[in-house]
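> Dropping the structure in here first, questions after.
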Amino acid sequence: MGKTAVIVVPTYNESATIQTLITDFEERIFPKTDWQCRILVVDGASPDGTAEAVRQLQKKYSNLDLIVEEKKEGLGAAYFKGFRWADEELHADAVVEFDGDLQHPTDAVPELLATLDGGADLVLGSRKVKGGSYPGKWDPFRLFLSQFGGWVARFLLFFPMKAFWRVTDATTGLKATRVNDKFRSLHFENFKSRGFGYKIEMLFKLVQFGAHVEEVPLKFQTREAGESKMTGQTPFEIFQTAFSLRWEHKGTRRFLKFASVGFTGYLVNAILLEVFVHLAWIARLASSFNFLEQTGILGFLAQPSGWAAAFSVEGSILNNFLWNNFWTFHKEKAANPLSFVRKFLGFNVTSFGAVIIQFVAIGLATHFFGNTTWVRQLALVATIGLLVIPYNWFMYNKVIWRRKHKKRAH
């Protein structure tokens, strides 16, 4: 028996388009794929006769199903009912989220399913990848709101995680999802949003479950009939959902702790830099490289500020290690004195890159712009912000407090 894909179409007052949509799927699109496709319409008690139009088509198409809600409860609620029916009653291997107002091109469905065949768990129709587009008839303000809102949702949900670069269209309504353990672990009844915000919540949770996400181009069309699923509250709902999801994510709290510790480390670094730069032995060390002062770029080796920066880093290293070990990464902290010493030594080794970065950057800055307090401190801020923080975040997560993953039982 072949794979079954259920196209879930929520409707409200779309009697003018639903026949065109279903007929196009049945007569033209479904024969193009080797999936056994069904259509499941979830109608929000439309007063315009949308459900009756579907019932008439059911006499012709045996793979057409209909759920009629007692009342319209929101886009997310309609999809949740459709997903549950598709899984439990129709034994779907995949579900496709599809608009009933002809804004989604039916031709995209075979490509969505083919991408699932390629190994993806979730396939997004993206308006922002090559080949994707927004309707040409949209006014500039609406286009700006859609693009800016989508970027904000994407940023809140995923930055700086890998998914930020993989997902370009976080608010898309055209998606194909493999019905597997990840999908069944979503527990739709616990979702924060039963409206438009369900889209980003479902996407976020699937990414957290380790779903393999791919994107295909979506040429979004202009609505010809029917009513928009969006309301005036939709932008706020999307922002609120995205912010709430990210705030509650343990990785976000870890990053905020990391940032707080980093700020205390910066203060220690900045104070020690001004202390060390005035020490006589630092001046003697730098003066031993005076013969390079006129050689161009290597002249930074004769700058006491560079050497002071290198030594002042050790103070911030000690500060950061203690705070991160007992607070930010407390679940992976050193459990005994030997482990603590070993981890601290390892921390120093991996932090050597930060020493080199500050030594070179601040030495060069003072060499070319003058050895003044303002130059040193501005160079320190820029160096930490642009170079040291990304370096430390990578080293802390991947080396020092790397999580030990349990082996799966076979």
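> Give me the residue from segment 27-36 that is touching a residue at least 40 places away in the same chain (Cβ under 8 Å) and open to solvent by 40 Å² or more (accessible area, probe 1.4 Å) and, out of that set, nearest to Glu73 (Cα to Cα). Give the steps one after another, and end with the answer.
So in segment 27-36, the residues touching a residue at least 40 places away in the same chain (Cβ under 8 Å) come out as 28-29, 32-33, 35.
Now narrow it down to the ones that are open to solvent by 40 Å² or more (accessible area, probe 1.4 Å): 28, 32.
On the way: Arg28: 32, Lys32: 34 Å.
Checked segment 27-36; the qualifying residue nearest to Glu73 (Cα to Cα) is Arg28.
> With respect to Gly173, determine if the residue is touching a Ser or Thr at 6+ places or on another chain (Cβ under 8 Å) and not polar (S, T, N, Q). Spell out the reasoning first.
Details: touching a Ser or Thr at 6+ places or on another chain (Cβ under 8 Å): no; not polar (S, T, N, Q): yes.
No, not satisfied.
> Working only within segment 5-26, note down all residues that are crowded, with 23+ Cβ neighbours inside 10 Å and under 16 Å from Glu69 (Cα atoms).
Selection gives Val8, Val9, Pro10, Thr11, Glu14.
> May I ask you to list the residues in segment 164-199 that are in contact with a strand residue (DSSP E or B) (Cβ under 7 Å, 6 or more places away or on another chain) and small (Gly, Ala, Ser)? Show your work before the answer.
Of segment 164-199, the ones in contact with a strand residue (DSSP E or B) (Cβ under 7 Å, 6 or more places away or on another chain) are 166-169, 172-179, 183.
Within segment 164-199, Gly173, Ala176 qualify.
> If you don't mind, there's one more thing I want to ask. Take the conditions over 18 Å from the mean Cα position of the chain (by Cα), crowded, with 18+ Cβ neighbours inside 10 Å and at pLDDT below 90 and apply them to Ser228. Does it pass? Spell out how you get there, then give the answer.
Values: over 18 Å from the mean Cα position of the chain (by Cα): yes; crowded, with 18+ Cβ neighbours inside 10 Å: no; at pLDDT below 90: yes.
Here the answer is no, as Ser228 does not meet what is asked.
> Sort out which residues of segment 202-214 are of a type outside the set (A, V, I, L, M, F, W, C) and crowded, with 23+ Cβ neighbours inside 10 Å, and write them in order of number.
The first filter runs over segment 202-214 and keeps only residues of a type outside the set (A, V, I, L, M, F, W, C), leaving 205, 208, 210, 212, 214.
None - no residue of segment 202-214 is of a type outside the set (A, V, I, L, M, F, W, C) and crowded, with 23+ Cβ neighbours inside 10 Å, so the list stays empty.
> Which residues, taken from segment 75-128, are touching a residue at least 40 places away in the same chain (Cβ under 8 Å), of a type in the set (Lys, Arg) and open to solvent by 30 Å² or more (accessible area, probe 1.4 Å)?
Selection gives Arg84, Lys128.
> So, Thr241, is that one crowded, with 22+ Cβ neighbours inside 10 Å, modelled with pLDDT of 80 or more, of a type in the set (S, T, N, Q) and not in a helix (DSSP H, G or I) or not? Let's see the steps before the verdict.
Working: crowded, with 22+ Cβ neighbours inside 10 Å: yes; modelled with pLDDT of 80 or more: yes; of a type in the set (S, T, N, Q): yes; not in a helix (DSSP H, G or I): no.
No; evaluated as a whole, the condition is false for this residue.
> Also, quick follow-up: May I ask you to list pairs of residues, at least six apart or on different chains, whose Cβ atoms are under 8 Å apart, with the first in segment 168-180 being at pLDDT below 95 and the second being assigned to a strand (DSSP E or B) and open to solvent by 20 Å² or more (accessible area, probe 1.4 Å)?
These pairs meet every condition: Thr168/Glu215; Asp169/Glu215.
> Could you list, in sequence order, all residues of segment 165-187 that are open to solvent by 20 Å² or more (accessible area, probe 1.4 Å) and farther than 16 Å from Arg154 by Cα?
Arg178, Asn180, Asp181, Lys182, Arg184, Ser185, His187
> Which residue, of Leu380, Leu387, is at pLDDT 85 or above, open to solvent by 70 Å² or more (accessible area, probe 1.4 Å) and within 36 Å of the chain's Cα centre (by Cα)?
Values: Leu380 fails: open to solvent by 70 Å² or more (accessible area, probe 1.4 Å).
Testing whether each residue is at pLDDT 85 or above, open to solvent by 70 Å² or more (accessible area, probe 1.4 Å) and within 36 Å of the chain's Cα centre (by Cα) leaves just Leu387.
> Restrict the check to segment 37-58 and report whether at least one residue is farther than 15 Å from Leu102 by Cα, open to solvent by less than 30 Å² (accessible area, probe 1.4 Å) and of a type in the set (Asp, Glu).
Scanning segment 37-58 turns up at least one residue that is farther than 15 Å from Leu102 by Cα, open to solvent by less than 30 Å² (accessible area, probe 1.4 Å) and of a type in the set (Asp, Glu).
> What pairs come out if I take residues in segment 252-263 that are at pLDDT 75 or above and pair them with residues that are of a type in the set (A, V, I, L, M, F, W, C) and open to solvent by less than 30 Å² (accessible area, probe 1.4 Å) whose C-beta lies under 9 Å away, six or more apart or interchain?
Listed pairs, sorted by first residue: Lys257/Phe329; Gly262/Ile384; Gly262/Val388.
The values are calculated or read from the model by the stated rules, or taken from the named source; none is laboratory data. From a predicted model like this one, the values you see are computed outputs, not experimental measurements. For neighbour counting, all protein chains shown are included, and Cβ atoms are generated from backbone atoms with ideal geometry for every residue, glycine included. Note: areas computed on protein heavy atoms with side chains; ligands, DNA, RNA excluded. Shrake-Rupley method; radii C 1.70, N 1.55, O 1.52, S 1.80 Å.
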